[in-house]
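To start, the structure itself, in structure tokens.
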Amino acid sequence: MLIPGIPRLLVLAFFLLLPFVGNLYLVNQFTLLLVYGMFAMSLSLLWGYVGLLCFGHAVFFGLGAYIMAMVTKQMIPGMDGILSSSLAGILAAVGFNALFALILGWFLFYGRLSGPYLGIVTLAISVLVERIFINWYYTGGYNGISSVPALSFAGWEFSDPRHLYLLVFVLSLCAYLFLRRVVNSPFGAIISAIKHNEARAESFGFHATKYKIKVFAIGASVAGLAGALFAAAAEFVSPTELGFKMSTEVLIWTALGGREGLIASFMGAVTVKLLENYLSEALSEYWVLIIGFIFLLSVIFFPQGLFGRLLENRNKGWSVTSPQRSKTKKEGRVC
Amino acid sequence: MSAAVQILNGLNYILVLILVAMGLVIIFGLMNVINMAHGEFFLLGAYTVVLTSKMGLGFWVGFIFAPILVGLLGAILEAVLVRRLYHRILDTILATWGVSIVIKQGIILTFGPEGLMVKPPMPEMVTFAGISYPSYRLFIMGVALFVIAATFYLFLKTDFGLGARAVIANPNMAASLGINTRRMYLTTFSLGSAIAGLAGATMAPLMSCDPHMGLGFFIPAFLAILVGGASSLGGILVGGGVIGGAQNAISSVYSPVVAQIVVFSLAIIIIRMRPEGILGRKARD
């Protein structure tokens, strides 16, 4: 790549210009795609940058969506007036997720869960929470919560799809810049060190577990923000959003796009979901089969994902496939 | 339902859970690979029985074929897929997960998403000391006990088991002493898969077979391994007993959902308190 920033600028320009070019259907569709992209970026932070393979990441997305829906529909006792505004909903979703992830992280990471173990435990959490919400009649059980109010700030309602799109776009951009800041900061250097060799990072005096818990909370918060925006943009939330299916999807988006890059995983989500919107009608049930196969092939042949090389230019020496890393992985403790 | 029947049902579930966990743990112990498609192997075992019942061949043909077919599939998967990823061991979990998605969707496409029933192969009841109990459930317990005992025998008393334990302790050393680790991985993967297929086949007549039943066994089996400790085969007996027993006891008093929540929280707390499992020894570091 001659000028490494160009593809990323093209992505930015495309998403910025879209609402002024596309029709309303397209704009509505892309609002949700931005939300999914933000969700994928939060998984990329945990998985690609810290090596926390989270098989149940949808639990944070779904909880964010449910909290947003419950706050703005005044379903939480004692929260009305200003406390049931969109902003309160978003803050509650992000805050609750951060707290939940801190507590969960404290249990899991101090329990020395890592690698595949962590992945499956998070998967189990996601399946469990999905089952709780299916059986919880207050939140609509299997049908979830519908007619969630649209976003509004200080009396200004985002009822025009183009305005909503631009708002979600700005928030996605903020989420990207925030996550990029995190991974490029000294804090990011430490989490990268932990990913590549935890024992070495600890011997340098960094408390790996504490850093992992913090990153887990950051990733969960961003996923919660995406979930909150999803609830407001789609105007509904159902147990599907926090369960097995969504967890599977976000993992596939991130893996196909490129787990080791924020923009790459964002584009993975957008591409896969866009294809799904157009192809799933023609292919019906075969779509999942095909995407499963593509996922399988990408794990074997393109561990960096489809956009990993194109959109990211960072630390080439540390890629998934480099022999240096795979060696430490093989010899390191897996459990 | 009398208390004795409850306890027997609980025991039934525990034994099948241990069977599923056993297949997982021998693959994990030897190869460090967590087979995410294990639940789907269970599913394939169950659907083999569904298929043979549909074709009029009856339950028993499916019961014999299920472990053979799934074991073969496991061998193919190991040779084609898992073998390519030994140097990226964390990616095997993703690859096998991809396989599980494909298998599950394949089942949905072939058999439809709804639950299917298999005609019970042994409908008669056995009455003993005033308690009447379905003979098929006793048969399942017998099969599970036999397979568990056979696996223990294989790994603790035979030459193959000695080799396998050498590979677990130090794969490079074992290979340099002339043990064919490649073939051992292939055999183990196939064996673990076959056990999952057998477990699925035995459970098929007891429940409605739907494409999501694999996950319903995979997660508790995995929790059983975590709780019991993956370092020894004995650990899963304890883990399976704790997870399966608690699950059954609580769901008979309250509801299956409450049972799942409690069991899961219990498992997380045990993991926090004893990361190496109830039976596991402290990690040597």
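In this structure, is A:Leu102 over 26 Å from B:Tyr254 (Cα atoms), open to solvent by 50 Å² or more (accessible area, probe 1.4 Å) and at pLDDT 85 or above?
Yes; evaluated as a whole, the condition is true for this residue.
So which residues in region B:1-57 are outside any loop (DSSP other than H, G, I, E, B) and among the hydroxyl-bearing types (Ser, Thr, Tyr), if there are any at all?
B:Tyr13, B:Tyr47, B:Thr48, B:Thr52, B:Ser53
On the basis of being of a type outside the set (D, E, K, R) and under 19 Å from the mean Cα position of the chain (by Cα), does B:Ile89 make the cut?
Here the answer is no, as B:Ile89 does not meet what is asked.
Return yes or no: is A:Ile120 β-branched (Val, Ile, Thr), over 18 Å from the mean Cα position of the chain (by Cα) and within 11 Å of chain B (Cβ to nearest Cβ)?
For A:Ile120, the condition - β-branched (Val, Ile, Thr), over 18 Å from the mean Cα position of the chain (by Cα) and within 11 Å of chain B (Cβ to nearest Cβ) - is not met.
Could you please find all residues in region B:70-95 being farther than 19 Å from B:Ala46 by Cβ, more than 8 Å from chain A (Cβ to nearest Cβ) and either in contact with a helix residue (DSSP H, G or I) (Cβ under 6 Å, 6 or more places away or on another chain) or crowded, with 23+ Cβ neighbours inside 10 Å (or both)?
Selection gives B:Ala75, B:Glu78, B:Val82, B:Thr92.
Kindly indicate the residue of region A:259-278 that is assigned to a helix (DSSP H, G or I), in contact with a Leu (Cβ under 8 Å, 6 or more places away or on another chain) and not hydrophobic (A, V, I, L, M, F, W, C) and also nearest to A:Leu173 (Cα to Cα) among those meeting that condition.
Kept after step one, since they are assigned to a helix (DSSP H, G or I), are these residues of region A:259-278: A:262-278.
Next, from what is left, pick out any that are in contact with a Leu (Cβ under 8 Å, 6 or more places away or on another chain): A:262-265, A:267-274.
Still in the running and not hydrophobic (A, V, I, L, M, F, W, C): A:265, A:268, A:271, A:273.
Working: A:Ser265: 14, A:Gly268: 16, A:Thr271: 18, A:Lys273: 19 Å.
For region A:259-278, the residue satisfying everything is A:Ser265.
Consider B:Asn9 carefully, then state whether it is on the phi > 0 side of the Ramachandran plot and either crowded, with 24+ Cβ neighbours inside 10 Å or under 20 Å from the mean Cα position of the chain (by Cα) (or both).
On the way: on the phi > 0 side of the Ramachandran plot: no; either crowded, with 24+ Cβ neighbours inside 10 Å or under 20 Å from the mean Cα position of the chain (by Cα) (or both): yes.
In short, no.
Quick check on my filter: what residues within region A:180-207 are part of a loop (DSSP other than H, G, I, E, B) and on the phi < 0 side of the Ramachandran plot?
Scanning region A:180-207 gives A:Ser185, A:Asn197, A:Phe204, A:Phe206, A:His207.
Table: residues versus (1) assigned to a helix (DSSP H, G or I); (2) among the charged types (D, E, K, R).
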| residue | (1), (2) |
| --- | --- |
| A:Arg8 | yes, yes |
| A:Val11 | yes, no |
| A:Tyr36 | yes, no |
| A:Met41 | yes, no |
| A:Gly51 | no, no |
| A:Cys54 | no, no |
| A:Ile67 | yes, no |
| A:Gly78 | no, no |
| A:Ala101 | yes, no |
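Could you run through region B:24-42 and say how many residues are away from chain A (no Cβ under 14 Å) and at pLDDT 90 or above?
So the answer is 2.
Run A:Lys73 past the list (1) touching a strand residue (DSSP E or B) at 6+ places or on another chain (Cβ under 8 Å); (2) open to solvent by less than 20 Å² (accessible area, probe 1.4 Å) and report the number of the one that doesn't hold.
The single condition A:Lys73 does not satisfy is (2).
Every residue, every condition in (1) in contact with a His (Cβ under 8 Å, 6 or more places away or on another chain); (2) of a type outside the set (Val, Ile, Thr); (3) buried (at least 21 other Cβ atoms within 10 Å of the Cβ), yes or no:
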| site | (1), (2), (3) |
| --- | --- |
| B:Thr202 | no, no, yes |
| B:Cys209 | no, yes, yes |
| B:Pro220 | no, yes, yes |
| B:Gly234 | no, yes, no |
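Here are some residues: A:Ser247, A:Ser238, A:Ser280. Which one is closer than 25 Å to B:Thr110 by Cβ, of a type in the set (S, T, N, Q) and touching a Gly at 6+ places or on another chain (Cβ under 8 Å)? Steps first, please.
Values: A:Ser238 fails: closer than 25 Å to B:Thr110 by Cβ; A:Ser280 fails: touching a Gly at 6+ places or on another chain (Cβ under 8 Å).
The unique qualifying residue is A:Ser247.
Using beta carbons and a limit of 6 Å, which pairs, at least six apart or on different chains, have the first residue in region A:188-200 and free of Cβ contacts under 8 Å to residues at least 40 places away in the same chain and the second one part of a helix (DSSP H, G or I) and hydroxyl-bearing (Ser, Thr, Tyr)?
From region A:188-200, the pairs are A:Ile190/A:Tyr211.
Criterion first (buried (at least 23 other Cβ atoms within 10 Å of the Cβ), in a helix (DSSP H, G or I) and hydrophobic (A, V, I, L, M, F, W, C)) does B:Phe65 satisfy it? Steps first, answer last, please.
Values: buried (at least 23 other Cβ atoms within 10 Å of the Cβ): no; in a helix (DSSP H, G or I): yes; hydrophobic (A, V, I, L, M, F, W, C): yes.
Against the criterion (buried (at least 23 other Cβ atoms within 10 Å of the Cβ), in a helix (DSSP H, G or I) and hydrophobic (A, V, I, L, M, F, W, C)), B:Phe65 does not qualify.
Hey, among the residues in region A:279-308 that are more than 8 Å from every other protein chain (Cβ to nearest Cβ) and not in a helix (DSSP H, G or I), which one's surrounded by the fewest Cβ atoms within 10 Å (Cβ to Cβ)?
Only one residue tops the list, namely A:Ser284.
Testing B:Leu51 on (1) hydrophobic (A, V, I, L, M, F, W, C); (2) within 17 Å of the chain's Cα centre (by Cα); (3) under 25 Å from B:Glu114 (Cβ atoms); (4) surrounded by fewer than 24 Cβ atoms within 10 Å (Cβ to Cβ), one condition comes back false. Which one is that?
(2)
List every residue pair whose Cβ atoms lie under 7 Å apart, where the two residues are 6 or more positions apart in sequence or sit on different chains, the first residue falls within region B:119-140 and is over 19 Å from B:Ser2 (Cβ atoms) and touching a residue at least 24 places away in the same chain (Cβ under 8 Å), and the second residue, located anywhere, is among the polar types (S, T, N, Q) and surrounded by 12 or more Cβ atoms within 10 Å (Cβ to Cβ).
B:Lys119/B:Ser53; B:Ile140/B:Asn12; B:Ile140/B:Thr202
Under 7 Å by Cβ, and 6 or more places apart or on different chains, what pairs join a residue from region A:97-119 that is of a type in the set (Phe, Trp, Tyr) with one that is surrounded by fewer than 22 Cβ atoms within 10 Å (Cβ to Cβ) and in a helix (DSSP H, G or I)?
From residues that are of a type in the set (Phe, Trp, Tyr), the pairs are A:Trp106/A:Ile213; A:Phe107/B:Ile268; A:Phe107/B:Arg272; A:Phe109/A:Thr209; A:Phe109/A:Ile213; A:Tyr110/A:Thr209; A:Tyr110/B:Arg272.
When you check A:Ala92 against the structure, is it hydrophobic (A, V, I, L, M, F, W, C), under 23 Å from A:Pro239 (Cβ atoms) and either surrounded by 23 or more Cβ atoms within 10 Å (Cβ to Cβ) or within 14 Å of chain B (Cβ to nearest Cβ) (or both), yes or no?
For A:Ala92, the condition - hydrophobic (A, V, I, L, M, F, W, C), under 23 Å from A:Pro239 (Cβ atoms) and either surrounded by 23 or more Cβ atoms within 10 Å (Cβ to Cβ) or within 14 Å of chain B (Cβ to nearest Cβ) (or both) - is not met.
For region A:137-179, which positions are in contact with a Ser or Thr (Cβ under 8 Å, 6 or more places away or on another chain), surrounded by fewer than 20 Cβ atoms within 10 Å (Cβ to Cβ), aliphatic (A, V, I, L, M) and assigned to a helix (DSSP H, G or I)?
Scanning region A:137-179 gives no hits.
For A:Ile82, only one of the following conditions fails: (1) at pLDDT below 90; (2) assigned to a helix (DSSP H, G or I); (3) open to solvent by less than 10 Å² (accessible area, probe 1.4 Å). What is its number?
So the condition that A:Ile82 fails would be (3).
The values are calculated or read from the model by the stated rules, or taken from the named source; none is laboratory data. Note that the structure is a prediction, hence the values are computed from the model and not measured. Reconstructed Cβ throughout: ideal geometry from the backbone, glycine too, with neighbour counts over all protein chains shown. When the accessible area is computed, the model is the full protein with side chains, heavy atoms only, and any ligands, DNA or RNA have been set aside. Shrake-Rupley method; radii C 1.70, N 1.55, O 1.52, S 1.80 Å.
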